[in-house]
Amino acid sequence: ANSWEAKAEEFSLYGFTDLPSVHERGTVVLTHGEGPYIFDTHGRRYLDANSGLWNMVAGFDHPGLIEAAQKQYARFPGYHAFFGRMSDQTVLLSEKLVEVSPFERGRVFYTNSGSEANDTMVKILWFLHGAEGKPQRRKILTRWNGYHGVTAVSASMTGKPYNSVFGLPLPGFIHLGCPHYWRFGQAGETEEQFTARLAAELEATIIKEGPDTIAGFFAEPVMGAGGVIPPSKGYFQAVAPILKKYGIPLIADEVICGFGRTGNTWGSQTYDFMPDAIISSKNMTAGFFPMGAVILGPELADRVQAASEAIEEFPHGFTASGHPVGCAIALKAIDVVMNEGLADNVNRLSPRLEAGLAEIAKNPNIGELRGVGFMWALEAVKDKATKTPFDGSLSVSERIANTCTDLGLICRPLGQSIVLCPPFILTEPQMDEMFEKLEAALKKVFAEVA
Ligand code: PLP
């Protein structure tokens, strides 16, 4: 009863944890990491094909990132960004973020997480519409299956049924259709027709709600926690002009997609659209510091600045916004990913990753393989032709993930899917290890549930 596992289960409340699954397989208590591997209290080694939570893209012991943190802790271990003061590292990071953004100009606001960055973006929209004399422009458009975080506002943006137990979404948060053609395309509908249907739904919703009541539209370029769902063909090219027509800002939630995950710096580049603002977090610090950012493009930056001047301040901020250690780490992380070969590794190895997973997806119980770059999902089905999911109290994806864990591989069950989003440092032999363990787990579990 004194084991690490027992203590973990007694004193901690797990976030987003399938408790029956934990009761079946047990807790894993981690002690240290090495490259893409983490180790538990029993000395067992796991290849983390989930990069922590999509964020530990440089692995668990990157010396350059550790050095950047140590150096900054020794110089200046903490400060805020209020009252016209901020650290030199914060100044440098904002300049860098605007430089690597798709915007020719912009402004950055810092938070401690992706949820707070989305929450902050909503407040920025409310603030500027309010200051511009349109306080009724409050409604937020997002999509079913989109994930934007857990604060009351960002959870309201998230399109998942589990939030109803909290009495969320808050009023005025509207969820549109999920652009997943394989799952939601109707019989006889082409992918282009499916995309056109979603665009028509968006326009009809704007007209029904009243364009003048809508503050903004938020979308992940590729839905992450919804189960790795790339947009249907032409999706952003169809929705962006509609939003523009009604003066509704398009905000790209790049918390997962940003900084290399899809093969480009931004997922919006991979899917070829220009947002009005970008939400970043996770990869921005390679997971070495909790930090998020709102990067405003030129138009929103100018409007928020003008509104702030008119009201004399922008009344918002977190104690640790623009934390100097976080900023120093982010500066190094961006450099490591963009200039020291990590993004190149994603581009070099993503065809190999796709090919290996496509081989595994020949399994008759895999309905769909989908993804891009270094983010992929395999969706388990009982019947491939009808796309019927498995039933049962412990989902098949949970069983597969548990079996992978037993084999020393961490991957994530998401709905009926198994998600693979390895760190960018992954080597070819490590990728092969991932394929072998995943395939062994799939074979074992599908044989059990068949
Ligand atoms: N937005 C997206 C797209 C995410 O994937 C996440 C987290 O997974 C968030 C926002 C919330 O970020 P955080 O967990 O740092 O609050």
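Once you have the Cα-Cα distance between residue 136 and residue 246, take 0.36 nm times their residue separation minus that, and quote the gain in nm to one decimal.
Full-extension gain reported as 38.1 nm.
Which one, 350, 114, 263, projects farthest toward the positive side of the charge dipole computed for the chain from Cβ point charges (K/R +1, D/E -1)?
My answer, from the dipole projection, is 114.
Pull out the extension gain between residue 9 and residue 387, defined as 0.36 nm times the separation in residues minus the alpha carbon to alpha carbon distance; nm, one decimal.
Extra length available between residue 9 and residue 387 comes to 132.5 nm.
Using modelled amide H (1.01 Å from N, peptide plane; none on Pro or chain starts), what sits under 5 Å from the amide H of residue 368, excluding residues fewer than 5 places away?
Close amide H contacts, sequence-distant or interchain: 379.
Just to verify a number: FRET efficiency for residue 233 and residue 340, C-beta to C-beta distance, R0 = 25 Å, to 0.05?
0.15
Taking every pair of Cα atoms in the chain, average 1/r, invert it to obtain the Kirkwood radius, and report Rg/Rh to two decimals.
0.96
From the cross-link list 362/382; 382/443; 160/437; 208/244; 7/437; 96/282, which pairs have alpha carbons spaced over 22 Å apart?
Where the Cα-Cα span goes over 22 Å, the pairs concerned are 160/437; 7/437.
Would you mind getting me the FRET efficiency between residue 208 and residue 16? Use the beta-carbon distance for r and R0 = 30 Å, nearest 0.05.
With a Förster radius of 30 Å, E is 0.35.
For the pair residue 272 and residue 42, what calculated FRET efficiency results from E = 1/(1 + (r/R0)^6), where r is the Cβ-Cβ distance and R0 = 51 Å, to the nearest 0.05?
Efficiency, from the Cβ-Cβ distance: 0.60.
If contacts are Cα pairs under 8 angstrom and at least 6 residues apart, what is the relative contact order of the chain in percent?
21
Taking 0.36 nm per residue of sequence separation and subtracting the Cα-Cα distance, how much length would be gained by fully extending the chain between residue 165 and residue 186, in nm to one decimal?
Full extension of this stretch gives 4.6 nm more.
At 222 nm, what value in deg cm²/dmol follows for the chain if DSSP H runs of at least 4 each add -39500 (n - 2.57) and the sum is divided by all its residues, to the nearest 500?
Value at 222 nm, helices only: -13000 deg cm²/dmol.
None of the figures in this text is laboratory data; all of them are computed from the coordinates on show. Owing to the predicted nature of the structure, the values given are computational and were not obtained by experimental measurement. Neighbour counts are summed over all protein chains in view; Cβ atoms, including those assigned to glycine, are modelled from backbone coordinates with ideal geometry.
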